[in-house]
Amino acid sequence: MEDCLAKKMEITVSEAEKRTGRNAMNIQETYTAYLIETRAVESQSEGQCAPVDSLWRRYSEFELLRNYLSVTYPHIVVPPLPEKRADFVWHKLSADNMDPDFVERRRIGLENFLLRVASHPVLCQDRIFYAFLMQEGGWKEMVNETGFQLKADSRLKALNATFRVKNPDKRFTELKHYSDELQSVISHLLRVRARVADRLYGVYKVHGNYGRVFSEWSAIEKEMGDGLQSAGHHMDVYAASIDDILEEEEHYADQLKEYLFYAEALRAVCRKHELMQYDLEMAAQDLTSKKQQCEELATGTVRTFSLKGMTSKLFGQETPEQREAKIKVLEEQIQEGEEQLKSKNLEGRDFVKSAWADIERFKEQKNHDLKEALISYAVMQISMCKKGIQVWTNAKECFSKM
């Protein structure tokens, strides 16, 4: 962790800007660009003012970077991006992806994504990631030249492996179930939070109504007027603070959403392991089949029914020379298959070792982050309740002076 990029460089997504341009289909579109600023830490520690490097990136470029990292490092739980369009949004807030408040929260999420990658012991050393931060022109071409798209596994192949693996690793099966449950629990938590926010909004609006009623009442009262107006003022100030509070609530919701999306990153690692296990089993099965064929040719006995065996009975046996030639080809294929199986076994063991180390790192990070987020959320709720009590304490004093 001492060598991670986050220790050597300050990385911020400092600004979001609405732009208009033409896409690949030559159709005019509106999009948001984000300003990434980087500054070396070393020169600052020496008392010098390091120059700031900056460049603009679209959300689609962040997506391209993450796709590249996911394919290139299949054993790593790659940090997720913030949502492109608002999901689990509280219904009184805008779900428009061009809404300034949503764009601001996404800006924070994109900065968090870059900091997550820059803090990762493996991902932070990737040259494409470094170029993403420092090289505006030609970056896309640089990514495409890696050929990472050719390494990407098809969804059909992954689905096939899921159903056909005979000996799945119990640890990865349990991890897949855990990620499903994590996603389900956080989704439910976000829905509950939205209901709490709705009720909270109602409470604040009721206080706004109290404020209006007390103010109107004060206009017709001489002796009680000042006390009613003061109480109404306290109610109005309390009611007006709801917008800032709900925006703060959305910040906590975004912290939960990050781990909602992390669940898919966990499943991606599980799918990759299933694919490797499936390829290993297919290679072992093919090797067994070839060894059996070789044995049958050498001994002249056929253990299982085959079209070749039936053909030999109908049209006569092969000559010794032909049989020897086939045995020689099969022996070469068997040797090659054994080397391939050995290589796949070694690759699988390395994958499991690397993946499990990263999963443990992720779990430690998750426990820390969610604990902090939930504590902060609880503190915020307690603070709001205290403000509510204070409002009514102030109102009580106002009423007592009448």
**Item:** Other-chain or far-sequence residues with amide H under 5 Å of residue 58's (modelled H)
**Value:** 34
**Complete:** Computed over the chain: longest principal axis from alpha-carbon atoms vs helix 155-164 long axis, angle to nearest 10 degrees, is 70
**Tilt relative to the chain, helix 242-299 - C-alpha long axis, 0 to 90 degrees, to 10** = 10
**With at most 11 neighbouring Cβ atoms within 10 Å, loop GluC sites (Glu not before Pro) (DSSP) excluded, longest segment of the chain** = 224-402
**Request:** Would you mind getting me the FRET efficiency between residue 360 and residue 72? Use the beta-carbon distance for r and R0 = 25 Å, nearest 0.05.
**Result:** 0.75
**Fill in**
Under the rule rounded for a/c under 1.5, else prolate if a/b exceeds b/c, else oblate, using alpha carbon gyration tensor axes a ≥ b ≥ c, region 89-206 is classed as oblate
**Asked** Counting alpha carbon pairs within less than 8 Å and at least 6 residues apart, what relative contact order, in whole percent, applies to the chain?
**Response** 18
**Prompt:** How would 9, 235 rank on accessible area, largest to smallest, probe 1.4 Å?
**Reply:** 9, 235
**Request:** Roll a 1.4 Å probe over the protein heavy atoms and report the accessible area of residue 382 in Å², nearest 10.
**Result:** 90
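Trypsin sites (Lys or Arg not before Pro), restricted to region 158-252: which are DSSP loop and have at most 14 other Cβ atoms within 10 Å?
Values: sites: 164, 166, 170, 171, 176, 191, 193, 195, 199, 205, 212, 222; in loops: 166, 222.
Here the sparse-neighbourhood loop sites are 166, 222.
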**Message:** At 1.4 Å probe size, what's the solvent-accessible area of residue 368? Round to the nearest 10 Å².
**Reply:** 110
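Using a 1.4 angstrom probe on the protein heavy atoms only, line up 402, 224 by accessible area, largest first. Present the calculation step by step, with values, prior to reporting the outcome.
Numbers: 402 80, 224 60 Å².
Descending order: 402, 224.
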**Signed unit charges on C-beta, dipole axis of the chain, positive-most listed residue 278, 5, 325** = 325
**Item:** Entries in 7/140; 344/371; 151/353; 18/366; 170/328 that, when Cα-Cα distance is taken, lie over 28 Å
**Value:** 344/371; 18/366; 170/328
**Prompt:** Relative to the longest principal axis of the chain, what angle (0 to 90°, nearest 10) does the C-alpha long axis of helix 320-400 take?
**Reply:** 10
**Request:** Quote the FRET efficiency, to the nearest 0.05, computed for residue 381 versus residue 345 with a Förster distance R0 of 60 Å and r equal to the Cβ-Cβ distance.
**Result:** 0.70
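Which FRET efficiency value, to the nearest 0.05, do you get for residue 289 and residue 125 by plugging their Cβ-Cβ distance into 1/(1 + (r/R0)^6) with R0 = 35 Å? Walk me through the numbers on the way to the answer.
Details: r = 42 Å, r/R0 = 1.21.
According to the calculation, E is roughly 0.25.
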**Asked** Round to a whole number: what % of the accessible area of the chain belongs to carbon and sulfur, probe 1.4 Å?
**Response** 53
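Rolling a 1.4 angstrom probe over the protein heavy atoms, how many square angstrom per residue are accessible across the chain? Walk me through the numbers on the way to the answer.
Values: 23850 Å² over 402 residues.
Result: 59 Å² per residue.
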**Request:** With a 1.4 Å probe and every protein chain left in place, tell me how much accessible area residue 396 has, in Å² to the nearest 10.
**Result:** 140
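The values are calculated or read from the model by the stated rules, or taken from the named source; none is laboratory data. All figures in this text were calculated on a predicted structure; none of them were measured in a lab. Note that each Cβ is placed from the backbone with ideal geometry, even for glycine, and that neighbours are counted across all protein chains shown. Areas reflect the complete protein model, heavy atoms only, side chains present, ligands, DNA and RNA absent. Shrake-Rupley method; radii C 1.70, N 1.55, O 1.52, S 1.80 Å.
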